[in-house]
Amino acid sequence: MTEDWPTLPLRTEPMAAESVDSWIEALARRYRLAPSLLLPALGLPARGRSINCLVKGTPQEAWRRMEAAAGLPAGALQTVQLAGASLRTTLVGGGSRFCPRCLGENGGRWLLAWRSNSTVACTRHRLLLHDTCPSCTRTPRVYLPGGTTAFPPGTCAYQSHRRADRCGADLAAHTATPAHPAVMAVQTWLNDLHQAADHTGDPEADATLTDLPVVAYWLMAREEIDWQARATALAFGRTPTQATPVNGRLPRAFPAGTRCAVRSRTASCARSTPNWPPRTGCGSSRPPRRPNSPPAGTLPNADAGSRT
């Protein structure tokens, strides 16, 4: 029963739109502990360090235990819980993108939306999100950090093995890259779709979000576009992401710059075409539909990849 669960003496309120792993880390920092050491006190498995599993796979009762253990009012983590359940596609292999400016301003707290495949830009600062740590080139926040001590907020906690030192790079000091207006238009459109689908239950927005990855891959296979060149134009001045092999293989993931190019072209197609491309061969049997899309004139044409 949650009412019998022991309550921790030190309290930390979750930040709006924060990922649950970030809140656990902030709470653990008050005890000068590594986040993984705090899991049993919150009623979570000690070995449950995969952040994706924590965000998307934590059962209802466990959320209520966490609230009781942390001294939070009942339902205080409800927003975090529902937001985690609504994540449709996360980064390949887990992990999180990040906005250096946000990390510097909010004390190193990580937003849940950064774990989504469809989030490539910060609409608050109008900056492109980063995929990897500039020092170790690893994607941050795949697992809750282990060890015995806390670490500074907003830093990379990657360890190559259990006894290795953490990377420790200050991610808030990472170079910030302004987002192209086309990228910002698409990101705002996607955010509005998520808001409509996840908070107001709009079935059309939900269906559009479901179809977007299918149409994006369909366009990549069909259109003869140099996506890397287009990504460079949309993410001008940004250091290209260096993919790190996992078990000897490169991950099947698109860096944020390339994803910007694909998403902008997909949204442009949705805006300019009465219906989506035919579903035959695209992996969906739904009838074509036209989703809400960014205002006309805000997105570059398919051949605009060579322009900055």
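Taken together, VAL262, VAL246, VAL183 contain a single residue that is in contact with a Phe, Trp or Tyr (Cβ under 7 Å, 6 or more places away or on another chain) and either over 18 Å from PRO134 (Cβ atoms) or at pLDDT 60 or above (or both), which is VAL262. Consider the stretch 85-100 and keep the residues that are out of contact with any strand residue (DSSP E or B) (no Cβ under 8 Å at 6 or more places or on another chain) and more than 22 Å from ARG124 (Cβ to Cβ). The one that is modelled with the lowest pLDDT is ALA85.
Figure legend. Inter-residue proximity from the stretch 41-56: first residues closer than 15 Å to TRP5 by Cα and at pLDDT 90 or above, second residues of a type in the set (A, V, I, L, M) and not in a helix (DSSP H, G or I), beta-carbon distance below 7 Å, spacing 6+ or different chains. Indicated pairs: ALA41/LEU8. On the stretch given as the stretch 11-28, residues that are in contact with a Pro (Cβ under 9 Å, 6 or more places away or on another chain) and over 12 Å from GLY107 (Cα atoms) total 5. Filtering the stretch 139-148 to residues that are crowded, with 22+ Cβ neighbours inside 10 Å and under 19 Å from HIS174 (Cβ atoms) leaves THR139, PRO140, ARG141, PRO145. Checking THR90, THR132 one by one, the residue that is in contact (Cβ under 8 Å) with a residue 40 or more places away in the chain and β-branched (Val, Ile, Thr) is THR132 and no other.
Of (1) of a type in the set (A, V, I, L, M, F, W, C); (2) under 19 Å from ALA157 (Cα atoms); (3) in a helix (DSSP H, G or I), CYS133 satisfies all except one. Which? All conditions are met except number (3). The set of residues in the stretch 114-129 that are under 14 Å from PRO181 (Cα atoms) and in a strand (DSSP E or B) comprises ALA121, CYS122, LEU127, LEU128. When the criteria are applied in full, LEU82 fails the requirement of being of a type outside the set (Ser, Thr, Tyr), crowded, with 20+ Cβ neighbours inside 10 Å and modelled with pLDDT under 90. One residue alone among ARG29, ARG64 is out of contact with any helix residue (DSSP H, G or I) (no Cβ under 7 Å at 6 or more places or on another chain), more than 26 Å from ASN117 (Cβ to Cβ) and either at pLDDT 90 or above or not in a loop (DSSP other than H, G, I, E, B) (or both), and that residue is ARG29.
The values are calculated or read from the model by the stated rules, or taken from the named source; none is laboratory data. Quick caveat, the model's predicted, so the values are computed rather than measured. No Cβ is skipped: glycine too gets one built from the backbone with ideal geometry, and neighbour counts run over all protein chains shown.
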